[in-house]
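First the structure, in the form of structure tokens, and then the observations on it.
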Amino acid sequence: MTGFGAAEDRVLNGRLRVEIRTVNHRYFNPQLKLPGDLAGIETEMRERLRQLLERGHVAVTARWVEGPTTERSVTVDLARAKQVVAAAQQLKKKLKLKGTVDLAFVARHPEVLTAVNGGSVAGEEQQVVWSDVQPIVERAARDVLTMREREGAALATELIGRLHALEAGGRVIEEQAPARLKAEHERLKQAVAELTGATHVDEQRLALEIALLADRVDITEELVRFRAHIAAARAALGSDHAVGKQLGFLAQELLREVNTMGSKANDARITQTVIAMKGELEKFREQLENLE
């Protein structure tokens, strides 16, 4: 189902925004667009989104609204500075070099003055970890689920209406079935009488054969299964978990029963009802594409 959610919060002294858009898809199909410094958490993000959203084409965009900044400070290693000064003076004395050992010379020496970013040495960038971003992603995903639930409620109402129409069609067929079966029985008797003519026929055997032929066009079993599938579909729509695949299977079975009733009917009124029911089923199946 379609949905949108967004959330933002502070991460590493910056501000990160996460947006999630979902559209219909049979499976979970994520597409993530993340800044380079979030590449290390992509696997965890995919897995968490799979747990929360289950199905759909999921497009996730994360961007820095405010870039992460760190406080800079400088540390002084006095012991190292003294070593540098002593070594320089010793070198000057032994090699009889000119010049003085001044502050600029000492400060340029490695490890005397060290820049520190947010408690870590300069050059060692702070890494974004999944626990920093997880609350933002989950808030955005909850917004998506809320939107999906609203759409799902509207779809459920539509699908229940289709089930009512199918159920009404089933009742029409059920009411017409006894008269159709009796008419078929009489038609078979008349056909056999015309074929046999003046030939003597065993009435008991004839009645048995006609009963067997009539049984082949009986749709009682199909009607029973049809009502059971309708009840199962209605129960599925009343549940609080993903039912798209279950309803897809039930729609397939309903179509199977309707087709069988139509092929056995040999009656214009029942055939018209079956055609109308197949139209309702087609609309039912189209809406299932939008359901999780």
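Using 1/(1 + (r/R0)^6) with R0 = 41 angstrom and r between the beta carbons of residue 113 and residue 17, what's the FRET efficiency to the nearest 0.05?
Result of the calculation: an efficiency of 0.65.
Testing the spin-label approximation: label points 7 Å from Cα along Cα→Cβ at residue 283 and residue 150. State their distance in nm.
Spacing of the two 7 Å Cα→Cβ label points: 2.5 nm.
Estimate the FRET efficiency between residue 263 and residue 189 by the formula 1/(1 + (r/R0)^6), using the beta-carbon distance for r and 22 Å for R0, to the nearest 0.05.
Once the sixth-power term is evaluated, E becomes 0.45.
Using mean Cβ contacts within 10 Å as the protection proxy, how do 149-160, 226-237 order, highest first?
Numbers: 149-160: 14.7, 226-237: 17.2.
The peptides rank, most packed first, as 226-237, 149-160.
What does the net charge come to around residue 85 if you take all other residues with beta carbon closer than 13 Å to its beta carbon, with K and R at +1 and D and E at -1?
Combined, the nearby Lys, Arg, Asp and Glu give +3.
Lysine pairs in the chain with Cα distance under 28 Å, only those 8 or more apart or on different chains: how many are there?
Number of lysine pairs found: 12.
With a Förster radius of 35 Å, plug the Cβ-Cβ distance of residue 157 and residue 51 into 1/(1 + (r/R0)^6) and report the FRET value to the nearest 0.05.
0.80
Pop a pseudo-label 7 angstrom from the Cα along the beta-carbon direction at both residue 82 and residue 167 and give the gap in nm to one decimal.
9.2 nm
What is the set of long-range amide H partners of residue 56 at a cut-off below 5 Å, with H atoms built 1.01 Å from backbone N?
Placed amide hydrogens put 25, 27, 28, 29 under 5 Å from residue 56.
Can you tell me which of 11, 58, 224 moves the most in a GNM of the chain? Springs connect C-alpha atoms under 10 Å apart.
Largest GNM mean-square fluctuation: 224.
From zero up to wherever the largest Cα-Cα distance of the chain sits, split into 10 Å bins and tell me the percent of pairs in each.
5, 18, 14, 12, 11, 10, 8, 6, 5, 4, 3, 2, 1, 1, 0
Starting at the first residue of the range 35-43, write each ³J(HN,Hα) from the Karplus equation 6.51 cos²θ - 1.76 cosθ + 1.60 with θ = phi - 60°, in whole Hz, x for Gly and Pro.
x, x, 6, 10, 4, x, 10, 4, 4
Return the percentage of antiparallel bridges among DSSP beta bridges fully within the chain, rounded to the nearest 5 %.
Given both bridge residues lie in the chain, the antiparallel proportion sits at roughly 80 percent.
Ranking request for peptides 94-107, 18-31: highest mean number of other beta-carbon atoms within 10 Å first, then the rest in descending order.
Values: 94-107: 9.4, 18-31: 16.6.
My ranking of the peptides, most packed first, is 18-31, 94-107.
What residues from the range 239-254 fall in the zone where the backbone N is under 19 Å from a label point 7 Å along the Cα-to-C-beta line of residue 28?
240-246
Each reported figure results from applying straightforward, stated rules to the coordinates on display, with no laboratory input. Computed from a prediction, not measured in an experiment: that's the story for all the values here. Note: ideal-geometry Cβ built from the backbone for every residue, glycine included; neighbour counts use all protein chains shown.
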